[in-house]
Amino acid sequence: MNISNTPNTSSTITGFILLGLPCSREEQILLFVLFSVIYLLTLMGNGSIICAVRWDQRLHTPMYILLANFSFLEIWYVTSTVPNMLANFLSDTKVISFSGCFLQFYFFFSLGSTECFFLAIMAFDRYLAICWPLHYPTIMTGRLCTNLVISCWVFGFLWFLIPIIIISQMSFCGSRIIDHFLCDPGPLLALTCTRAPAIELTSSTLSSLLLFIPFFFIVVSYALVLRAVLRVPSAAGRRKAFSTCGSHLAVVSLFYGSVMVMYVSPTSEREAGMQKMVTLFYSVVTPLINPIIYSLRNKDMKHAMKTLLRT
């Protein structure tokens, strides 16, 4: 490894060390087993939703098409971190290559960006379904749904592209240790030879815009939904309207609650452990919980899941 205290070009860096979750060898093995089980359950849960939507004709509606795409996204989101984390648990060196680090950086943040956009358009879909029920079939057409899905993927993968390319071209000096289980921009920028306030500001601004614009859109959508639901005369009608939004609201709360703690609250070196736990929650735990939330709170999805399990 050719790293010294003098400036080097990034091309001389052959890898970084991801500290991961430091603990004894026996605890590393236990964590390997635990996260392997979580990863497999996540793949099975989200894969079941995709299969249920694919094979049940009653679920061929915009709401469930968006949900199937969201589950597909969750599979790749958790795959961007967990396999490398599992390898890290069994590794003695805990080294990730330079290209591997920045590929993980790109895919993790691109998939996270795509998730923010998906949560926003899913809220928009619920707004149309509840506030404009008679016009919903003519507004949320298959073509519009497809265009929204494609837009989420495209904008998600373009959002952080330029900053990531610029950071990957920067020079890194001194320590190559990243006190995290994934390649995060904060620790990476701390390893650069010279401070790059413009890049730090750009990265921070893009993160803030990515979080708050979709979140504001979601809040406005559900405020309008709440106003419409409160006008429904019957209690049964109100419960039915709320039930169609409950799952999505729960998922939004889990994702945005943890992400905002991570990227909006002040951070310090002493909080590195807490940052890892929060990142674990929204990147590993929520993709596991989301299929359970959608399956338990939705009658159509529960019926489709039971049918799928019988076949």
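In the condition set (1) under 26 Å from the mean Cα position of the chain (by Cα); (2) closer than 23 Å to Trp159 by Cα, Ala196 is compliant with all but (1).
Would you confirm whether any residue within the range 173-184 is more than 14 Å from Ser110 (Cα to Cα) and part of a helix (DSSP H, G or I)? No, because not a single residue in the range 173-184 is more than 14 Å from Ser110 (Cα to Cα) and part of a helix (DSSP H, G or I). Per the listing Ile29, Ile38, the residue uniquely modelled with pLDDT of 85 or more, of a type in the set (A, V, I, L, M, F, W, C) and under 24 Å from Asn69 (Cα atoms) is Ile38.
Scanning the range 154-170 for residues that are surrounded by 16 or more Cβ atoms within 10 Å (Cβ to Cβ) and outside any helix (DSSP H, G or I) gives Phe160, Met170.
Of everything in the range 259-311 that is of a type in the set (Lys, Arg) and open to solvent by 20 Å² or more (accessible area, probe 1.4 Å), the residue that is modelled with the lowest pLDDT is Arg270. Restricting Ile150, Ile121 to those that are outside any loop (DSSP other than H, G, I, E, B) and buried (at least 21 other Cβ atoms within 10 Å of the Cβ) reduces the list to Ile121.
For Ala129, the conditions (1) over 25 Å from Val278 (Cα atoms); (2) surrounded by fewer than 17 Cβ atoms within 10 Å (Cβ to Cβ) are fulfilled apart from (2).
One residue stands out in the range 34-55 among those that are among the hydroxyl-bearing types (Ser, Thr, Tyr) and open to solvent by 30 Å² or more (accessible area, probe 1.4 Å): the one that is farthest from the chain's Cα centre (by Cα), namely Ser48. Within the set Arg195, Arg231, Arg238, the sole residue that is more than 23 Å from Phe98 (Cα to Cα) and surrounded by fewer than 13 Cβ atoms within 10 Å (Cβ to Cβ) turns out to be Arg231. Which one is nearest to the chain's Cα centre (by Cα) among residues in the range 63-93 that are surrounded by fewer than 20 Cβ atoms within 10 Å (Cβ to Cβ) and assigned to a loop (DSSP other than H, G, I, E, B)? The selected residue is Ser91.
Kindly evaluate Trp153 against the criterion of being free of Cβ contacts under 8 Å to residues at least 40 places away in the same chain, closer than 25 Å to Phe117 by Cβ and in contact with a Ser or Thr (Cβ under 7 Å, 6 or more places away or on another chain). Here the answer is yes, as Trp153 does meet what is asked.
The values are calculated or read from the model by the stated rules, or taken from the named source; none is laboratory data. It should be emphasised that the depicted structure is a prediction, and the values quoted were computed from it without experimental measurement. When we count neighbours, we look across all protein chains shown, and the Cβ atoms used for this are built from the backbone with ideal geometry, even at glycine. Surface accessibility is based on the protein's heavy atoms, side chains included, excluding ligands, DNA and RNA. Shrake-Rupley method; radii C 1.70, N 1.55, O 1.52, S 1.80 Å.
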